[in-house]
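Undergrad: Below is a structure I'd like to ask you about.
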Amino acid sequence: MNSQISGEIKNRLDEAQKVVVASHVRPDGDAIGSLLGLGLALRDAGKSVQMVLADGLPSSFKFLEGSRLIEKEPQGGYDTFITVDCADFKRTGKVFENFGQPDINIDHHKTNERFGKLNLIEAEEVATSAILTNRLPEWGFQITKPIAAALLTGIITDTLGFRTANTTPESLRQAAALMETGVDMPEIYMNALVRKSFPAAKYWGAGLSSLESRHGIVWGTLSLADRKAAGYGGNDDADLINMISAIDGSKVGMVFVEQSDNRVKISWRALVPGLDVSKVAKHFKGGGHAAAAGADIEGGLEEIRSEVLKTTREMLNL
C-alpha cells in the first residue's frame with residue numbers, strides 16, 4: 001500500500017510548483033529536520049517553497065543551513081500543501097485552521113489520523129526524517145549535505161542519540177548514509193541534544209526542583225512563572241523530559257508545562273518495555289508512540305496535573 005502511495009506522492013511532487021510545507025507547534029528536532037529536509041529538496045528541484053512553523057524555529061536549531069528560510073505563517077498562493085511529522089492536523093497551529101486538507105501527509109506516529117489526501121504513514125520508522133531519507137531519492141531528489149544535516153538531526157533527536165528502544169540497524173544505516181555526504185554527526189549531536197542556553201539551564205533547574213515520584217511515575221512541573229524567572233523564550237520544556245527519562249526506578253516519566261492560553265502541555269515517556277503511553281495521550285486527544293507521547297489540554301495547571309496523573313495510573317495499571 002505504501003509503495004502505491006509513495007508513487008502517487010512522487011507524481012504530485014513532480015506536478016507541484018508552489019509548495020507550502022508545515023510541521024507541528026512546539027517543534028522538536030524531527031519536525032524541523034523533516035521540514036527542512038523536504039523543503040530544501042523541493043527548492044533544489046526548482047519549486048517555490050514556503051517552510052512554516054507556527055511557533056517559529058527554536059534557537060538551538062539555527063545552526064542548520066536553510067533554517068533562516070522558515071517562516072511563522074504562509075504568504076500568498078500555493079498549489080500543494082504538505083504536512084510532516086504531524087499526527088493530527090490541529091498540531092500545525094492556528095495559522096492553518098482555514099487552510100484546507102493537506103495534499104500530502106508524511107508521518108511516523110502510529111496515532112496519525114490520516115487527515116491528508118495522500119497519507120504516507122510509516123510507524124516502524126524511528127523518525128519522519130528517516131522516512132524522507134529513504135523516500136527522497138525514490139522521488140527523484142538528491143540528498144545534499146544541508147538536506148542530510150537536517151534529516152540526521154531528526155533521526156538523532158527522535159532516537160535521543162540512538163538510545164530509544166525502537167533504534168534499529170536500519171536507522172544506523174540511514175545515519176551512516178547521511179554522514180557520507182560530509183555531515184559532522186558529533187556536531188549535530190552536540191547542538192541538538194547536549195548544548196543548552198543559560199535560560200534553558202535555569203528553566204531545567206526549576207523543573208528538577210519540582211520533581212515528584214509516586215505509583216511508578218516521576219514527573220516535573222514548569223509554570224509560566226518558572227519560564228519568566230528563567231528568561232526562557234520557548235513554550236516547551238527545553239527537553240527536560242529527556243532528563244527525567246534517565247531517572248532510575250520509575251515506569252513512566254512526565255512533564256507538565258503551563259501555557260499562556262490556559263492550556264497545559266503534557267509529555268509522557270515509557271521508562272520500561274511493554275508500556276504504551278500513546279493510549280493515554282490519545283485519551284486526552286494527543287498522540288505519539290508507545291514509548292513517547294504528548295497532549296495539549298485546556299484548563300488550569302493544578303487541575304490538569306491531578307486529572308492526568310490519575311488517568312495515567314488507571315490506564316497503565318500503575
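The values are calculated or read from the model by the stated rules, or taken from the named source; none is laboratory data. Predicted model only: the values in this text are computed from it and were never measured. No Cβ is skipped: glycine too gets one built from the backbone with ideal geometry, and neighbour counts run over all protein chains shown.
Undergrad: Kindly state which helices (runs of 4 or more DSSP H) lie completely within region 224-318 and contain at least 1 residues that are closer than 19 Å to residue 157 by Cβ.
TA: On the way: elements: 224-230, 240-244, 278-283, 301-316.
Filter on region 224-318 gives 240-244, 278-283.
Undergrad: So, one more: Could you tell me which of the residues 82, 104 is within 16 Å of the chain's Cα centre (by Cα) and not charged (D, E, K, R)? Talk me through it step by step, then tell me what you get.
TA: Working: 104 fails: within 16 Å of the chain's Cα centre (by Cα).
After ruling out the rest, the residue left standing is 82.
Undergrad: Out of all the residues in region 191-223, which are over 23 Å from the mean Cα position of the chain (by Cα), part of a loop (DSSP other than H, G, I, E, B) and surrounded by fewer than 17 Cβ atoms within 10 Å (Cβ to Cβ)?
TA: 210, 211, 215
Undergrad: Further, regarding this structure: Could you check how many residues of region 93-107 are over 17 Å from residue 26 (Cα atoms), in contact (Cβ under 8 Å) with a residue 24 or more places away in the chain and either assigned by TED's automatic domain parsing to the domain that holds residue 233 or not in a loop (DSSP other than H, G, I, E, B) (or both)?
TA: The qualifying residues number 2.
Undergrad: Which one of the conditions (1) among the polar types (S, T, N, Q); (2) in contact with a His (Cβ under 9 Å, 6 or more places away or on another chain); (3) buried (at least 18 other Cβ atoms within 10 Å of the Cβ) does residue 311 fail to meet, given that it meets all the rest?
TA: It is condition (3) that residue 311 fails.
Undergrad: Further question on the same structure: Cβ contacts < 6 Å: first residue outside the structural domain of residue 42 (by TED's automatic domain parsing), restricted to region 71-92; second residue of a type in the set (A, V, I, L, M, F, W, C), any location; separation 6+ or different chain. Result?
TA: Once the first residue is outside the structural domain of residue 42 (by TED's automatic domain parsing) and sits in region 71-92, no partner that is of a type in the set (A, V, I, L, M, F, W, C) comes close enough.
Undergrad: Between a first residue in region 235-259 that is under 14 Å from residue 194 (Cα atoms) and a second residue that is at pLDDT below 95 and charged (D, E, K, R), which pairs have beta carbons less than 9 Å apart while being 6 or more apart in sequence or on different chains?
TA: Within 9 Å, the pairs are 238/196; 239/28; 239/196; 241/269; 242/269.
Undergrad: Please identify the pairs in which a residue from region 45-70 that is among the basic types (Lys, Arg) has its Cβ atom under 6 Å from the Cβ atom of a residue that is surrounded by fewer than 20 Cβ atoms within 10 Å (Cβ to Cβ), counting only partners at least 6 apart or on another chain.
TA: Here the result reads none, with nothing in region 45-70 linked to a residue that is surrounded by fewer than 20 Cβ atoms within 10 Å (Cβ to Cβ).
Undergrad: Return the residues of region 25-47 that are surrounded by fewer than 24 Cβ atoms within 10 Å (Cβ to Cβ) and over 9 Å from the mean Cα position of the chain (by Cα); say none if nothing qualifies.
TA: 42, 43, 44, 45, 46, 47
Undergrad: Is it the case, given these coordinates, that residue 245 is under 21 Å from residue 265 (Cα atoms), modelled with pLDDT of 95 or more and small (Gly, Ala, Ser)? Even if it seems obvious, please write down each step before you answer.
TA: Working: under 21 Å from residue 265 (Cα atoms): yes; modelled with pLDDT of 95 or more: no; small (Gly, Ala, Ser): yes.
In short, no.
Undergrad: If you don't mind, another one. Please state which one of 225, 293 is under 25 Å from residue 88 (Cβ atoms) and either at pLDDT below 95 or small (Gly, Ala, Ser) (or both). Please lay out each step first, then the result.
TA: Working: 225 fails: under 25 Å from residue 88 (Cβ atoms).
Sole residue among the options that is under 25 Å from residue 88 (Cβ atoms) and either at pLDDT below 95 or small (Gly, Ala, Ser) (or both): 293.
Undergrad: Hey, any hits in region 234-244 for a residue that's more than 27 Å from residue 190 (Cβ to Cβ) and in contact with a strand residue (DSSP E or B) (Cβ under 9 Å, 6 or more places away or on another chain)? Talk me through it step by step, then tell me what you get.
TA: Within region 234-244, the subset more than 27 Å from residue 190 (Cβ to Cβ) is none.
No, region 234-244 contains no residue that is more than 27 Å from residue 190 (Cβ to Cβ) and in contact with a strand residue (DSSP E or B) (Cβ under 9 Å, 6 or more places away or on another chain).
Undergrad: How many of the residues in region 48-66 are buried (at least 18 other Cβ atoms within 10 Å of the Cβ) and more than 11 Å from residue 21 (Cα to Cα)?
TA: Kept after step one, since they are buried (at least 18 other Cβ atoms within 10 Å of the Cβ), are these residues of region 48-66: 49-54, 57-58, 60-61, 64.
Filter once more, so that each one left must be more than 11 Å from residue 21 (Cα to Cα): 54, 57-58, 60-61, 64.
Result for region 48-66: 6.
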